[in-house]
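Reading through the structure tokens given below for one structure.
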Amino acid sequence: MTRYCAIVEYDGTDFVGFQIQAKGRTVQGEIEQTLRRVTQFEIRIDGAGRTDAGVHAVGQVIAFSVDWNHALEDLHCALNATLPQDIVVSRLTIVPHEFHPRFDALSRCYCYTISNQIWPSVLQRRYVYHVRDSLDLVAMQKATQFLVGCYDFASFGKPTQGTSTVREVMQADWKRAGNQLFFWIRANAFLYRMVRRIVGTLVQVGLGRLQPQDIQHILEVRNLKYSAPPAPACGLCLVEVTYPE
């Protein structure tokens, strides 16, 4: 069989998450159902990350193996013609049989978007977190310096597998474009709801309820009770997964 790697985009609004669950519509479930229709085989896909309900992606990576006797382009076209409108395969390639999108990944990059204005945007409501009160971006940017490095992030999430809560964050910074704030974060891996809890806590810094240096203390206590509740899922998007050359 041939091993395929796909870059997948999806609007996570109407999904209960990426991974197949006992109840509810999932990204994995829709892709596997599409593969069954197109190839006539039962195929289980591997994913680079398990995004939560409501989280979006433009750079999710999946891999699957199948005996496909037609051109690569034909499989790509067939998948996108059969997938629901909220999922698209943006790229499809052939990879070595041993490739695994999760275990071979070097880093994941997420972007979280905040709309910081008085009234919410109707057209953007599915993709941004609306914060009415003015946010101090300078203070929020200062707070991110305490996140970069290899730390125990137990105050910001729980492990999806195993017990270790140590993660290495390579990038954490804010950008502004008009009334929108973008939080970019890259790490070797993430804990469950880690990005959303970090954003929720940084928003408290932006509102003046926490000081930038409080982030360091929250990290040190390694207790979820000290971080803010997770920011809404709608603002979060998996942008990129990187691999060795």
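The values are calculated or read from the model by the stated rules, or taken from the named source; none is laboratory data. Computed from a prediction, not measured in an experiment: that's the story for all the values here. Virtual Cβ from ideal backbone geometry, glycine too; neighbours counted across all protein chains shown.
Which one of LEU224, LEU238, LEU207 is buried (at least 21 other Cβ atoms within 10 Å of the Cβ), assigned by TED's automatic domain parsing to the domain that holds LEU137 and either aliphatic (A, V, I, L, M) or touching a helix residue (DSSP H, G or I) at 6+ places or on another chain (Cβ under 9 Å) (or both)?
None of the others qualify; the one that does is LEU238.
Can you tell me which residue within region 23-71, out of those that are of a type in the set (Lys, Arg) and modelled with pLDDT under 95, is surrounded by the fewest Cβ atoms within 10 Å (Cβ to Cβ)? Walk me through how you get there before you give the answer.
Filtering region 23-71 down to residues of a type in the set (Lys, Arg) leaves 23, 25, 36-37, 44, 50.
Subset that is modelled with pLDDT under 95: 23, 50.
Values: LYS23: 6, ARG50: 18.
Filtering region 23-71 for residues that are of a type in the set (Lys, Arg) and modelled with pLDDT under 95, the one surrounded by the fewest Cβ atoms within 10 Å (Cβ to Cβ) comes out as LYS23.
If you go through region 37-85 and keep only what is assigned to a loop (DSSP other than H, G, I, E, B) and within 27 Å of ARG125 (Cα to Cα), you end up with ALA48, GLY49, ARG50, THR51, ALA53, GLY54, VAL55, LEU83, PRO84, GLN85.
Among residues of region 165-179 that are within 17 Å of MET194 (Cβ to Cβ), those with a Cβ under 7 angstrom from a residue that is of a type outside the set (S, T, N, Q) and at pLDDT below 95, sequence gap 6+ or separate chain, pair up as THR165/PRO159.
Filter region 84-117 for residues that are aromatic (Phe, Trp, Tyr) and in contact with a Phe, Trp or Tyr (Cβ under 9 Å, 6 or more places away or on another chain); which is farthest from GLU32 (Cα to Cα)? Spell out how you get there, then give the answer.
Quick first cut of region 84-117, residues aromatic (Phe, Trp, Tyr) only: 99, 103, 110, 112.
From what is left, the residues that are in contact with a Phe, Trp or Tyr (Cβ under 9 Å, 6 or more places away or on another chain) are 99, 110, 112.
On the way: PHE99: 18, TYR110: 24, TYR112: 28 Å.
Looking at the filtered set, the residue picked out is TYR112.
Between THR13, THR113, THR2, THR93, which is crowded, with 18+ Cβ neighbours inside 10 Å and at pLDDT 95 or above? Every option except THR113 fails the conditions. Scan region 1-56 for residues that are of a type in the set (A, V, I, L, M) and farther than 20 Å from ALA81 by Cβ and the total you get is 7.
Of the residues THR13, THR93, THR34, only one is within 14 Å of the chain's Cα centre (by Cα) and outside any loop (DSSP other than H, G, I, E, B); which?
Working: THR93 fails: within 14 Å of the chain's Cα centre (by Cα); THR34 fails: within 14 Å of the chain's Cα centre (by Cα).
Just one listed residue meets the conditions, THR13.
Before we move on, is ALA63 farther than 21 Å from GLY235 by Cβ, touching a residue at least 24 places away in the same chain (Cβ under 8 Å) and among the small types (Gly, Ala, Ser)? So that I can check it myself, show each step before the final result.
Details: farther than 21 Å from GLY235 by Cβ: yes; touching a residue at least 24 places away in the same chain (Cβ under 8 Å): yes; among the small types (Gly, Ala, Ser): yes.
In short, yes.
Within 13 Å of the chain's Cα centre (by Cα) and either among the polar types (S, T, N, Q) or exposed (fewer than 15 other Cβ atoms within 10 Å of the Cβ) (or both): is that true of ASN188 in this structure? In short, yes. Exactly one residue out of LEU210, LEU238 is modelled with pLDDT of 95 or more and under 23 Å from ARG126 (Cβ atoms): that is LEU238. For region 132-191, a residue qualifies if it is in contact with a helix residue (DSSP H, G or I) (Cβ under 7 Å, 6 or more places away or on another chain) and farther than 21 Å from PRO229 by Cα, and exactly one does: ARG176. Do you know which of the residues in region 96-121 that are aromatic (Phe, Trp, Tyr) and in a strand (DSSP E or B) is nearest to the chain's Cα centre (by Cα)? Residue satisfying both the conditions and the ranking: TYR110. When region 16-28 is filtered for residues that are over 14 Å from the mean Cα position of the chain (by Cα) and either assigned to a strand (DSSP E or B) or within 19 Å of CYS77 (Cα to Cα) (or both), only GLN28 remains. CYS77: under 30 Å from VAL199 (Cβ atoms) and among the hydrophobic types (A, V, I, L, M, F, W, C), yes or no? For CYS77, the condition - under 30 Å from VAL199 (Cβ atoms) and among the hydrophobic types (A, V, I, L, M, F, W, C) - is not met.
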